[in-house]
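Structure first, then comments.
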Amino acid sequence: MSGVFPRQRHKKHKTTVKRFLLFAGLSLISLILWGVITQHRVTASEVMPTQITTNTNTYWQGGSFPVENFQAYTSPYGYRRSPRGSGTEFHRGLDIAAPEGSYIRNWWAGQVVSLSDNTACGTSITIQSGEWKHIYCHLKGHVETDNQGMYLSDRSGGIQIWKGQQIPTGTRIGRVGMTGRTTGPHLHWGLKYADKYIDPALVLREMYRRQTASN
Ligand SMILES: [Zn+2]
């Protein structure tokens, strides 16, 4: 009789240790996941107050909504289930649906720093305005090169945009198309501040708030 009790106690102790390890393991995993999720949120909101929201209402008059004939925001910035196949991916932009052929307008006065038509982004333009870089994907047309340089050509849309060209705010720089990897006509709009991607929706919201505020 006396020999049974210690064995049982030992068994009980082993189960407690196992449970504790399982609990600790699960806690650690959730802590890591929580860290990954919140870290991204913190980065975006950190950029907003210091670099963006300190700008005056007058400053925000310099911006234009990037597309005509807005229909809907079809995919937000951040983690999402991959539209192609399984798994998740980080969506580095905001998808703005508009009928195919709708004109895209330059968000902020700046210089065309890059043109491309051979990636998932399709026919695309990147414009730099100080610390900002704004990227427009899936446009109609293609990139051409001649002895004058490189340009985006969308003839039926009357668009010809040269690399290096200075573009005022609100200028038509292209049209909504289906180039690159896309399942429907939309503008994929990417925004970088000081070379870091940020959520374009935060910026559009701030711009709208400031533009409609009384000065
Ligand atoms: Zn997109």
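Here is how the numbers come out for the structure above:
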| read-out | value |
| --- | --- |
| In Å², nearest 10: area of residue 94 left accessible to a 1.4 Å probe | 10 Å² |
| At most 15 other Cβ within 10 Å, DSSP loop - GluC sites (Glu not before Pro), segment 127-215 | 131 |
| With Cα atoms, 0 to 90° folded angle of helix 4-47 axis to the chain main axis | 10 degrees |
| Bins of 10 Å, starting at 0 and running to the largest distance - Cα pair percent for the chain | 8, 27, 27, 15, 7, 5, 5, 4, 2, 0 |
| 188, 142, 134, 13, ranked by accessible area, largest first (probe 1.4 Å) | 13, 142, 188, 134 |
| Cross-link reach list, aspartates and glutamates versus residue 196, counting only Cα pairs under 19 Å and skipping chain neighbours closer than eight places | 46, 89, 95, 131, 206 |
| Helix 200-212 vs. the chain, principal-axis angle (Cα, 0 to 90°, nearest 10) | 60 degrees |
| Segment 77-101 and segment 150-171: distance between their alpha carbon centers, rounded to Å | 26 Å |
| Area of residue 73 that stays accessible when all protein chains are in place (1.4 Å probe, Å², to 10) | 120 Å² |
| Sequence-separation-based contact order of the chain, relative, with Cα cut under 8 Å and 6+ spacing, percent | 22 percent |
| Accessible surface, 1.4 Å probe, highest first, among residues 95, 117, 195 | 195, 117, 95 |
| In segment 80-131, the trypsin sites (Lys or Arg not before Pro) that fall in loop regions by DSSP, at most 13 other Cβ within 10 Å | 84 |
| Dimensionless Rg over Rh [segment 107-215; C-alpha; Kirkwood] | 0.99 |
| Within the chain, helix-based [θ] at 222 nm, where runs of 4 or more DSSP H residues each add -39,500 (n - 2.57), nearest 500 | -10000 deg cm²/dmol |
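The values are calculated or read from the model by the stated rules, or taken from the named source; none is laboratory data. A quick note: this is a predicted structure, and the numbers were derived from the prediction, not measured. Counting neighbours? That spans all protein chains shown, and the Cβs are built from the backbone with ideal geometry, glycine included. Keep in mind that these areas ignore ligands, DNA and RNA; they rest on the heavy atoms of the full protein, side chains included. Shrake-Rupley method; radii C 1.70, N 1.55, O 1.52, S 1.80 Å.
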